[in-house]
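Contents: one structure, followed by commentary.
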Amino acid sequence: DNYATVIGAFAFKQNTKWKSLKFNAVQTVKQSAFDDLSSLGKLDFSALTKIDDYAFTVYGVKHLIIRTNSVAVLGTGNVFSNANTNSYLYVPAVLVDAYKAATNWSAYGDRIVAIEDHPDICGGE
């Protein structure tokens, strides 16, 4: 992962092996990259800047962490189709309001929270 900057379409489709994944260099997640991963509970991105349509059409992701210091561009489609309704997006505290106001992110406003407020999930980073 330290070298990959893009996760391609359907890259992790229906893989039931992982419960948590961390990506240090990934900047873009393509369409349906994490499709139907019922066991995956947490995704953690350090450099994410763009998420394509239907990228997270999964049932298991409860914790999506984006540590990037700017608001990631979100596709216009239903990016979180069928996603767990109890899922949350964790971003740096200084960006919470920007995410809540950003194009396509506002639909998830009630589920956007600060990384710093959840060290048990985000590792206090």
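The values are calculated or read from the model by the stated rules, or taken from the named source; none is laboratory data. Just so we're clear, the structure is a prediction, and the values are computed from it rather than from any experiment. Positions of Cβ are generated from backbone atoms using ideal geometry, with glycine treated the same way; all protein chains shown enter the neighbour counts.
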Conditions first: (1) at pLDDT below 95; (2) buried (at least 17 other Cβ atoms within 10 Å of the Cβ). Residue 92 passes all but one, so which condition is the exception? (1)
For region 13-49 the number of residues that are under 19 Å from residue 91 (Cα atoms) and either in contact (Cβ under 8 Å) with a residue 60 or more places away in the chain or hydroxyl-bearing (Ser, Thr, Tyr) (or both) is 6
Matching residues in region 95-109 - criterion: being over 13 Å from the mean Cα position of the chain (by Cα) and either at pLDDT 90 or above or among the hydroxyl-bearing types (Ser, Thr, Tyr) (or both): 95, 96, 97, 98, 100, 101, 102, 103, 106
In region 6-21, the residues that are of a type in the set (D, E, K, R) and exposed (fewer than 14 other Cβ atoms within 10 Å of the Cβ): 17, 19
Of the numbered conditions (1) without any contact (Cβ under 8 Å) to a residue 24 or more places away in the chain; (2) under 22 Å from residue 97 (Cα atoms), residue 66 satisfies every one except a single condition; which is it? (1)
Assess whether residue 87 counts as being surrounded by 15 or more Cβ atoms within 10 Å (Cβ to Cβ) and modelled with pLDDT under 85. yes
Any idea which of (1) under 20 Å from residue 121 (Cβ atoms); (2) under 12 Å from the mean Cα position of the chain (by Cα); (3) crowded, with 18+ Cβ neighbours inside 10 Å is the one residue 37 doesn't satisfy? (2)
Looking only at region 17-43, which residues are touching an Asp or Glu at 6+ places or on another chain (Cβ under 9 Å) and of a type outside the set (Gly, Ala, Ser)? 21, 22, 23, 24, 26, 28, 29, 30, 31
